[in-house]
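Values in this text are rule-based calculations from the coordinates and carry no lab data. Not measured: the values here are computed from a predicted model. Don't worry about glycine lacking a Cβ; one is built from the backbone with ideal geometry, like all the others, and counts go over all protein chains shown.
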Amino acid sequence: MTAQQQHFVCVVCPIGCEIDVVHDGNRIISMEGSKCERSEEFVTQELVEPMRILTTTVRIEGARWAVVPVRTDKSVPRRLFPRIMRQLRGITLQAPINMLDVVVSDVLGTGADVIATRTMTRE
Ligand code: SF4
């Protein structure tokens, strides 16, 4: 594969370094702009399979609000976000729900659980 140039924003820490990378598809040839070596693992993972924490909401009944915020408890492949969102749209929880309760375990076989990030009491 011929060399390509690509721009990344490192999400490993809050600094968010902007990194210009020359790569051949899955191997870094050179990179500029990162402030530490952790970016190398991040960029390599981005080239192979971008991974992110998914945050969204799920419907809930019997609580003060109609939805409860949730997130995956670890990064999952970003390409699976639409399928995970479809699965979560089909779920309606019943209050009460506690923060960190598992809403979906091992979502789509990723090994990640979808967990509630807020406690919702029954109203
Ligand atoms: S390159 Fe290092 S300092 Fe920059 S955002 Fe990534 S982890 Fe943080």
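Remarks
- Kirkwood hydrodynamic radius (C-alpha pairs) into Stokes-Einstein, the range 4-48, 10 °C and 1.306 mPa s, D in µm²/s: 155
- Checking every one of the trypsin sites (Lys or Arg not before Pro) in the range 1-55 against DSSP loop status and a limit of 13 other Cβ atoms within 10 Å picks out Arg27, Lys35.
- The chain, dipole about Cα centre (Lys/Arg Cβ +1, Asp/Glu Cβ -1), debye to the nearest 20: 640
- Spin-label zone in the range 102-123 - amide nitrogen under 15 Å from a point set 7 Å from the Cα of Trp65 along the C-beta vector: 115-123
- With contacts taken as Cα pairs under 8 Å at a separation of at least 6 residues, the chain carries a relative contact order of 19 percent.
- Springs join every pair of Cα atoms under 10 Å in this Gaussian network model of the chain, and among Pro14, Pro82, Pro69 the largest mean-square fluctuation is at Pro14.
- Derived scalar couplings ³J(HN,Hα) [the range 5-12; Karplus, 6.51 cos²θ - 1.76 cosθ + 1.60; whole Hz; x for Gly, Pro]: 9, 8, 9, 10, 10, 5, 10, 5
- Of Val68, Val48, Val76, the one that fluctuates the most in a GNM where the chain has Cα springs shorter than 10 Å: Val48
- Solvent-free Debye calculation, one equal scatterer per alpha-carbon of the range 55-116: log10 I(q)/I(0) at 0.18, 0.24, 0.26 Å⁻¹ equals -0.57, -0.98, -1.13.
- Solvent-free Debye calculation, one equal scatterer per alpha-carbon of the chain: log10 I(q)/I(0) at 0.11, 0.15, 0.21 Å⁻¹ equals -0.50, -0.75, -1.06.
- Fewest neighbouring Cβ atoms within 10 Å first, the residues Met120, Met51, Met1 line up as Met1, Met51, Met120.
- Between Thr119 and Asp20, the simple label model (points 7 Å from Cα in the Cβ direction) yields a spacing of 5.1 nm.
- Comparing mean-square fluctuations of Glu46, Glu37, Glu61 from a GNM of the chain with C-alpha springs under 10 Å, the top value falls on Glu37.
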